[in-house]
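*Asks:* One structure is given below, represented as structure tokens, and several questions about it will come after.
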Amino acid sequence: MKIELIRGTVIEGKGYDAGAVVDVDDSLGSMLMATGKGVPHAEKAARSDRSVGLSTSDTPKAKTRSKAKK
């Protein structure tokens, strides 16, 4: 079970800072969540560049404000 730590803590004799992701067994993971020291780690989906292969854009050119006449 992967847990993301909210606060700095010591696990099995090794210190971890807040924000670290540790892989622990289920019982230790549930204890960390119950004591408020960790949350389940969710893998973030990798962003993809959707503009790959786009040669031109079909959108019209943006209109700009004209300057006021003096």
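The values are calculated or read from the model by the stated rules, or taken from the named source; none is laboratory data. All values derive from a computational prediction rather than experimental measurement. Cβ sites come from the backbone with ideal geometry, for glycine too, and all protein chains shown count toward neighbours. The area values use the complete protein model at the heavy-atom level, side chains included, leaving out ligands, DNA and RNA. Shrake-Rupley method; radii C 1.70, N 1.55, O 1.52, S 1.80 Å.
*Asks:* Using Cα pairs under 8 angstrom and six or more residues apart, how large is the relative contact order of the chain, in percent?
*Replies:* With pairs under 8 Å counted, the relative contact order is 30 percent.
*Asks:* Still on this structure, I have one more. Taking a 1.4 Å probe, which of 33, 1 shows the most accessible area, and what order do the others take after it?
*Replies:* Order by accessible area, largest first: 1, 33.
*Asks:* So what is the accessible area of the chain per residue, in Å², with the probe set to 1.4 Å?
*Replies:* Ligands and nucleic acids excluded, the result is 93 Å² per residue.
*Asks:* Towards the positive end of the charge dipole of the chain, with charges on Cβ (+1 Lys, Arg; -1 Asp, Glu), say which of 39, 27, 13 has the farthest Cα.
*Replies:* 39
*Asks:* Another question, then. Taking percent of Cα pairs over 16 Å apart as the quantity of interest, determine which of (1) 53; (2) 73; (3) 63 was computed from the displayed structure.
*Replies:* (3)
*Asks:* Using just the helices of the chain, give the 222 nm mean residue ellipticity in deg cm²/dmol: DSSP H runs with n ≥ 4 each add -39,500 (n - 2.57), and the total is spread over all residues, rounded to 500.
*Replies:* The helix-only estimate for the chain comes to -3500 deg cm²/dmol at 222 nm.
*Asks:* Residue 64 accessible area, nearest 10 Å², 1.4 Å probe?
*Replies:* Taking all protein chains as shown, residue 64 has close to 120 Å².
*Asks:* What distance in nm lies between label points placed 7 Å from Cα along the C-beta direction at residue 65 and residue 42?
*Replies:* Distance between label points: 4.0 nm.
*Asks:* If you don't mind, there's one more thing I want to ask. What aspartates and glutamates could a cross-link reach from residue 14, if we take a straight Cα to Cα line under 14 Å and drop same-chain neighbours fewer than 8 places away?
*Replies:* Hits, sequence-local ones excluded: 23.
*Asks:* Right, another one. Among 13, 38, 29, which one shows the highest mean-square fluctuation when the chain is modelled as a Gaussian network with alpha-carbon springs under 10 Å?
*Replies:* 13
*Asks:* Of 30, 48, which has the most accessible area with a 1.4 Å probe, and how do the rest follow in descending order?
*Replies:* 48, 30
*Asks:* Work out the length of the dipole vector of the chain about its Cα centre, built from +1 on the beta-carbon of each Lys and Arg and -1 on the beta-carbon of each Asp and Glu, and round it to the nearest 20 debye.
*Replies:* That gives the chain a dipole magnitude of about 1380 debye.
*Asks:* Within the accessible area of the chain, what % is carbon and sulfur when the probe is 1.4 Å and the other protein chains stay in place?
*Replies:* For the chain, the apolar C and S fraction of the accessible surface comes to 52 percent.
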